[in-house]
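Single-structure report; data block below.
The values are calculated or read from the model by the stated rules, or taken from the named source; none is laboratory data. Keep in mind that this is a model prediction, so the values were computed, not measured. Neighbour counts are summed over all protein chains in view; Cβ atoms, including those assigned to glycine, are modelled from backbone coordinates with ideal geometry. Heads up: the accessible areas ignore ligands, DNA and RNA and are worked out on the full protein's heavy atoms, side chains in. Shrake-Rupley method; radii C 1.70, N 1.55, O 1.52, S 1.80 Å.
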Amino acid sequence: MEEMNTKMQGAVERFKSELGKLRTGRAHPDMLGSVKVEVYGQFMPLVHVANVVVADATMLTVTPFDPSNIQAISNAIRADQSLGLNPSDDGRTVRVPIPALTEERRREIVKSAATKAEEAKVALRSAREDARKVIKKMKDEKTASEDEAKRLEKQIEDAIQEYTGKVEAELKAKETELMKI
């Protein structure tokens, strides 16, 4: 049960972090979390080569640790089509204006969030199946009685309901935030 709860909690936490990366119309440093920059002959996450700061609600400022990488950073942000951002640089920093979301783009982001929620639910069901296999094995080896197995099954179902509810609540909150103008 402890292992299953840990897996389920991990699935919910991953889902929350994935939701944090989705655009909501306000600037947030995690928006650029998926950007990979080619520097020194290899691709590195943006956060490893620059400092990302929220300048205001509609502007991110990216300050590279090495100013010679400024063009590569600007190009990497522009190249990530899923973000739809158009950065500009002044030789020392990259400014990334966050445009207002259109209704169509908001709906696409909600669909993406729903897909991520489904992935989280699949992870939850996988953890449930693993726990059920352990219970079945315990019953087969006679290390657990029928009553104990039924009690554990009930705990598993309660846990899956609880964690699924958390995922759905997070999704609903994100959807409300996205669709609010």
Exercise for the section: Could you provide, to the nearest whole Å², the per residue accessible area of the chain with probe 1.4 Å? Expected result: 59
Fill in the blank from the handout: What helix-only [θ] at 222 nm does the chain give? Using -39500 (n - 2.57) per DSSP H run of at least 4, over all residues, to the nearest 500, the answer is -20000 deg cm²/dmol
Problem - Carbon and sulfur %, accessible surface of region 1-54 computed with the full protein complex present, 1.4 Å - result: 51
Practice task
Starting from the Cα gyration tensor of region 1-112, take the square roots of the eigenvalues, sort them a ≥ b ≥ c, and report rounded, prolate or oblate (rounded when a/c is under 1.5, otherwise prolate if a/b is larger than b/c, else oblate).
Solution key: oblate
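With a 10 Å radius around each residue's Cβ, average the other Cβ atoms per peptide and rank 143-152, 59-68, highest first. Intermediate values should be presented prior to the final figure.
Numbers: 143-152: 12.6, 59-68: 15.7.
Most protected by this proxy first, the peptides run 59-68, 143-152.
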Handout entry: Angle between the chain longest axis and helix 2-20 axis [Cα atoms, degrees, rounded to 10]
Key = 20
Fill in the blank from the handout: A correct Karplus calculation of ³J(HN,Hα) over region 79-95, with 6.51 cos²θ - 1.76 cosθ + 1.60, θ = phi - 60°, whole Hz and x for Gly and Pro, returns 6, 6, 5, 5, 7, x, 10, 10, x, 9, 10, 10, x, 10, 9, 10, 9
Completion exercise
Links exceeding 21 Å between C-alpha atoms in this model, out of Lys121/Lys154; Lys137/Lys166; Lys36/Lys121; Lys116/Lys166; Lys7/Lys121, come to Lys137/Lys166; Lys36/Lys121
Problem - Accessible area of region 80-150 belonging to carbon and sulfur atoms, whole % at 1.4 Å probe - result: 49
Problem - Anchor Lys16: aspartates and glutamates whose Cα lies under 17 Å away (excluding residues fewer than 8 positions away in-chain) - result: Asp30, Glu118, Glu119, Glu162, Glu168, Glu170, Glu175, Glu177
